[in-house]
1. Any residue at all in region 122-142 that is buried (at least 22 other Cβ atoms within 10 Å of the Cβ), at pLDDT below 85 and either under 30 Å from A241 (Cα atoms) or of a type in the set (A, V, I, L, M) (or both)?
2. Can you pull out every residue in region 233-278 that is open to solvent by 10 Å² or more (accessible area, probe 1.4 Å), over 17 Å from I192 (Cβ atoms) and of a type in the set (A, V, I, L, M)?
3. Counting only residues that are among the aliphatic types (A, V, I, L, M) and open to solvent by less than 50 Å² (accessible area, probe 1.4 Å), which one in region 300-335 is farthest from the chain's Cα centre (by Cα)?
4. Residues being closer than 24 Å to L10 by Cβ and among the small types (G, A, S): count how many of those fall in region 259-306.
5. Would you confirm, using the coordinates I've provided, whether S297 is open to solvent by 30 Å² or more (accessible area, probe 1.4 Å) and touching a residue at least 12 places away in the same chain (Cβ under 8 Å)?
6. Which pairs have Cβ atoms under 8 Å, sit 6 or more apart or on different chains, and link a residue in region 264-283 that is free of Cβ contacts under 8 Å to residues at least 60 places away in the same chain to one that is surrounded by fewer than 23 Cβ atoms within 10 Å (Cβ to Cβ)?
7. Hey, among the residues in region 154-188 that are open to solvent by 20 Å² or more (accessible area, probe 1.4 Å) and of a type in the set (S, T, Y), which one's nearest to G307 (Cα to Cα)?
8. P225 is checked against (1) over 22 Å from F304 (Cα atoms); (2) open to solvent by 20 Å² or more (accessible area, probe 1.4 Å) and fails just one. What number does that condition carry?
Amino acid sequence: MLTHLVTPLLMCIGMGLAYLGAFAHPAPHHMPVAVVGSSRSAQLLAQSINDKAGGDLEVRTVAHRSTAVDQLKHQDIFGAYVPKGDGSGKGRGGAGDGNGQARVSGNAGATGDGRSAGDGTAATPELLVATAASDTSASVVQKIFTPLAAQQGAPLKVTDVAPTVADDPTGQGIFFLLVAISIGSYASVAVIGGAGAVLPIRLRAALAVGTSFVVSLIGTAFAGPVFHLVDHGLWGLWGMAWLYSAGILLIGTGLHTFLKRWTTLGVMALFVMLNFTSSGGIFRPEMQNGFFAALHSFWNGAGFVEGVRSHVYFDGYGLSGHLWTLALWLVVGVLMVGVAALAERRRRSAEAEAAANAAAVAAAAVAATVPEPAPKPVRGPVDDGVEEELGEAVGV
């Protein structure tokens, strides 16, 4: 019993190290932001912010507001500050991004027809953010630039150029969808590996693929008709959910051949401890330390979360890279099952050979310990006559 208690204790330690290590002290690390404007004052402001941030921010200048909007939608930056009186560049809709999707908070500071006062200059400081990329990053950027607006004596207008759907205002519903799909996937590994251990590896792999299909359908139902986390692109979300779930199930099925009762701990380490914390669903890598930021670039949970964001909110920009990430994890799962099949075949061959050798040894031992029957003596004519006389003597 004490030996089996090692597993939950290791889970406790691993979860504590992973979650607290990733989420306990969130702070920006080289987070890219921009100051809009081509004037000397905009450049000096950007340099001043860089100096004060001490490496927490990477501040650049962009000439036009429309350029800042494009960079936000490509997730090249996570905030763009338009100083009061500086040019917003192209466009006259100070509260929008040109496609009717912008969400504005704060003092609009605009004229009655929706155009920025001064036609090309900002009547009040404006901060451009994209909450669909990360609500926490947008909040951090807002806290950074609000004091700057106060120094200019005007309230800060916040414009959201990529808002989330109404039923998922923080955008973190995608992360919790990741949690549901992950649990359904790695918990099924324990069933397939345990109850299905007597089945051939090809049947277990088929069960894993079929289970991933069901899990992905459940996740898609949660995202769409049940909780309305997305309002379009459900087929694309289902495809990514299947790739993600199938990768986990195949990897776990292959690992069970080698890890046995430690499989649950192994898949939890891979797909919970390291996966949830590096997915970017709560904090993007710019808000985490270097270890989890590095995992974000190739881990499967990050591929799913960023892929869904790209598909639903950013017109598919960067989607191909995230799909390749999910596909490569699926390939790893297929390879893992193949390695497990070879290992099990060799194990069966070794067991059969050992059984044959044991049978041969047992037969030799029996032959060595049981004496052979003595040969029957050769009977001659004299012996036959004696036997006949004795038979007559006793009446036989």
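1. Within region 122-142, one or more residues are buried (at least 22 other Cβ atoms within 10 Å of the Cβ), at pLDDT below 85 and either under 30 Å from A241 (Cα atoms) or of a type in the set (A, V, I, L, M) (or both).
2. If the condition is that a residue be open to solvent by 10 Å² or more (accessible area, probe 1.4 Å), over 17 Å from I192 (Cβ atoms) and of a type in the set (A, V, I, L, M), then L234, L243, A269, M273, L274 are the ones that fit.
3. Restricting attention to region 300-335, the residues satisfying the condition of being among the aliphatic types (A, V, I, L, M) are 302, 305, 308, 312, 319, 323, 326-328, 330-332, 334-335.
Next, only the ones that are open to solvent by less than 50 Å² (accessible area, probe 1.4 Å) stay: 302, 305, 308, 312, 319, 326-327, 330.
Details: A302: 5, V305: 8, V308: 12, V312: 18, L319: 15, L326: 9, A327: 12, L330: 12 Å.
Top of the filtered list is V312.
4. 6
5. Working: open to solvent by 30 Å² or more (accessible area, probe 1.4 Å): yes; touching a residue at least 12 places away in the same chain (Cβ under 8 Å): yes.
In short, yes.
6. Note: pairs meeting the criteria are G266/L255; G266/L259.
7. T170
8. Result: P225 passes all but (1).
The values are calculated or read from the model by the stated rules, or taken from the named source; none is laboratory data. Not measured: the values here are computed from a predicted model. Reconstructed Cβ throughout: ideal geometry from the backbone, glycine too, with neighbour counts over all protein chains shown. We work out accessible area using only protein heavy atoms, side chains counted, and drop any ligands, DNA or RNA first. Shrake-Rupley method; radii C 1.70, N 1.55, O 1.52, S 1.80 Å.
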